[in-house]
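S.K.: Supplied in structure tokens, the structure appears directly below.
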Amino acid sequence: MARAKKPAGVRTNSGKKLNEQWHIGAAHALYHRDGTWFNVLEKFPGALCDPNGYVLFSSKSEYENAP
């Protein structure tokens, strides 16, 4: 069964909130509910989060060279 989408503008979560809840320790954390699109990380360590977890990048170089 397909997951119902929230109306545009309804915040379902945030990278900042998950960074605190999950004790990620990122200087910049971003979230996307589908895990298919992210803004660009600007501070490191940085984390990209989705409902299933996160990926932590220790440096800009590591982030830019990730597959």
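Each value in this text was obtained by applying a stated rule to the coordinates, not by laboratory testing. Please read all numbers here as calculations on a predicted model, not as lab measurements. FYI the Cβ positions are ideal-geometry reconstructions off the backbone, even for glycines, and counts take in every protein chain you see.
S.K.: Can you work out which of the residues in region 46-67 that are out of contact with any Asp or Glu (no Cβ under 9 Å at 6 or more places or on another chain) and part of a loop (DSSP other than H, G, I, E, B) is surrounded by the fewest Cβ atoms within 10 Å (Cβ to Cβ)?
M.R.: PRO67
S.K.: Could you list, in sequence order, all residues of region 39-53 that are under 13 Å from LYS17 (Cα atoms) and touching a Leu at 6+ places or on another chain (Cβ under 7 Å)?
M.R.: Correct list: ALA47, LEU48, CYS49.
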